[in-house]
1. In region 20-34, how many are within 9 Å of the ligand (Cβ to nearest atom) and either without any contact (Cβ under 8 Å) to a residue 60 or more places away in the chain or over 8 Å from the mean Cα position of the chain (by Cα) (or both)?
2. Residues in region 87-104: is at least one modelled with pLDDT of 95 or more and at positive phi?
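The values are calculated or read from the model by the stated rules, or taken from the named source; none is laboratory data. This one's a predicted model, so the numbers in the text were calculated from it and none came from an experiment. Every residue, glycine as well, gets a Cβ built from its backbone with ideal geometry; the counts of neighbours run over all protein chains shown.
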Ligand code: HEM
């Protein structure tokens, strides 16, 4: 069977509406969290292996790289949580009209960023 669907692969020229951006970020954040599970398990095991292991795990977590990774994962959890709740509401038929869908998408995007920054300041 010949597939006649149009294909447009110039990703940088595709201008997604904001609900599309939130949707992609929901997927990206979900994948980031899944990938983080084995890393956290290994770090946790190292921290429990003894005082030297704990010190090296703590040093990694408080390094610039560790802090950046925790910030990105914190945002991932918050964005995924808020966008996930938005999808569950959409599944129930709430907020389906375009103006409301755009409004809730912007709210999701900014709320996750704001909560991430607040969390980063509070937990410092
Ligand atoms: C915190 C509460 C969470 C809520 C409310 C939530 C909600 C959702 C929902 C509604 C979907 C389906 C989205 C769709 O219809 O396409 C989904 C997908 C997914 N979730 Fe979550 N989730 C949560 C936590 C997590 C966590 C902790 C992880 C990873 C450790 C995770 C990983 C994923 C992945 C990988 C997908 C598939 C993404 C995709 O293919 O688009 N979620 N989540």
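1. Quick first cut of region 20-34, residues within 9 Å of the ligand (Cβ to nearest atom) only: 23-24, 26-34.
Next, only the ones that are either without any contact (Cβ under 8 Å) to a residue 60 or more places away in the chain or over 8 Å from the mean Cα position of the chain (by Cα) (or both) stay: 23-24, 27-34.
Of the residues in that region, 10 qualify.
2. Start the filter on region 87-104 by keeping residues that are modelled with pLDDT of 95 or more, which leaves 87-104.
After this cut, where a residue has to be at positive phi as well, the list is 93, 95.
Taking every residue of region 87-104 in turn, at least one turns out to be modelled with pLDDT of 95 or more and at positive phi.
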